[in-house]
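Step one of this worksheet: look at the structure below.
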Amino acid sequence: MKILSEFLWGTFDDVSARVRSDVPSFRLVNEAGGLPMATCGFGIPCGCGALGDRALPCGPLIRADRCVGTMWDDDVATYCCLAGVLPPDLNAPRGAQAAAIFPEMESLLAEAGMTFAHVVRTWLYIDRVCEWYGEFNAARSAFFESRNVFNTFLPASTGIGSANLDGAAITAGAIAVKPKDGRVKAEIVESPLQAPAMAYRSSFSRAAEILWPDRRLLFVSGTASIEPNSHEVAFVGDIEKQVDCTMKAVYAILESRGYGWADVSRAIVYLKEPSFRTAWQAWLAARGLPGDFAAETVCDVCRDEWLFEIELDASR
């Protein structure tokens, strides 16, 4: 998994401060408005995925002269990918920006003929996340309640700490799938080793899977080190044990749906400090996995005690 050097994630000063080791940092979308590497394993029809050969030409979704998404079709479903979506008012208080980002995503989905019920995966990049994650999560839950998301499809998600070059309190992305018939469906996947996130009022699923007639794709949400059947941080202050605990939880999700490490098509690792890369690389080496198994970046996870998080996709 290679990093594209043109992806810069954070304010210019922030990026300069972080690039002080061999752990690269990258931005959600590039300055030209291109789609993020976070989506490339899914099959955007731009030559980087399995759907490209059979998908119909895509249509861009534009906000304020920026491309913030694309939509396309194949013979079984309509798809929409959003990336770098911003709140309408970047000067609003951050709680208001969080409350506004979801209706903004909803309006873009409507242009693709979809509702939030079709969303299977979201990314929420939150500036200074540890300061106001509770406020953000309350805004997300309120929107989900108002749209009945909890009773339709609760998407997989990553909520991670990152500034952005636009100066927003939050920027977002999503993948949505609207089946044309019964040949494609989406299913929520629980974690065998972790309690459902909703058990501690965090509004996402541990994983979500899309099933086509000839293939499957699993989205594993951003996952960190949690005590079994709890929401407490496991192994506070111990990066080696946090990495191992997290990866055991991720593998249990993969294994529960018949996947293994060889099926991983895209992964991003979030490290709280550049020095923590040593523990991550040692974990990979001990299991014979390549050092570039995942893209890597340095940022805050949503609790100060978490030192490591990973998200990934797997396909078969």
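The values are calculated or read from the model by the stated rules, or taken from the named source; none is laboratory data. Computed from a predicted structure; not experimentally measured. Glycine gets a Cβ as well: all are built from the backbone with ideal geometry, and neighbour counts include every protein chain shown.
Residue by residue, here is whether (1) within 19 Å of the chain's Cα centre (by Cα); (2) among the aliphatic types (A, V, I, L, M); (3) within 19 Å of residue 269 (Cα to Cα); (4) surrounded by fewer than 22 Cβ atoms within 10 Å (Cβ to Cβ) holds:
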site	(1), (2), (3), (4)
130	yes, no, yes, yes
134	yes, no, no, yes
137	yes, no, no, yes
141	yes, no, no, yes
153	yes, no, no, yes
156	yes, yes, yes, no
159	yes, no, yes, no
167	no, no, no, yes
170	yes, yes, no, no
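Only residues that are surrounded by fewer than 18 Cβ atoms within 10 Å (Cβ to Cβ) and touching a residue at least 12 places away in the same chain (Cβ under 8 Å) were counted in segment 275-302, giving 5. Checking residue 169 against (1) modelled with pLDDT of 90 or more; (2) more than 16 Å from residue 123 (Cα to Cα), which test does it fail? All conditions pass for residue 169, except number (2). Only one entry in 92, 98, 38, 83 is at pLDDT 90 or above and crowded, with 16+ Cβ neighbours inside 10 Å, namely 98.
If you go through segment 144-178 and keep only what is among the hydroxyl-bearing types (Ser, Thr, Tyr) and within 14 Å of residue 83 (Cα to Cα), you end up with 157, 158, 171.
Of all the residues in segment 205-217, those that are at pLDDT below 95 and acidic (Asp, Glu) number 1.
Just one of the listed residues (208, 234) is farther than 17 Å from residue 122 by Cβ, in contact with a strand residue (DSSP E or B) (Cβ under 7 Å, 6 or more places away or on another chain) and either buried (at least 19 other Cβ atoms within 10 Å of the Cβ) or of a type in the set (Gly, Ala, Ser) (or both), and it is 234.
The residues listed here are 185, 178; of these, the one that is more than 18 Å from the chain's Cα centre (by Cα), more than 26 Å from residue 93 (Cα to Cα), surrounded by 15 or more Cβ atoms within 10 Å (Cβ to Cβ) and of a type in the set (D, E, K, R) is 178. Looking for something without any contact (Cβ under 8 Å) to a residue 40 or more places away in the chain and in contact with a Lys or Arg (Cβ under 8 Å, 6 or more places away or on another chain) - is there at least one such residue anywhere in segment 200-208? For segment 200-208, residues without any contact (Cβ under 8 Å) to a residue 40 or more places away in the chain and in contact with a Lys or Arg (Cβ under 8 Å, 6 or more places away or on another chain): absent.
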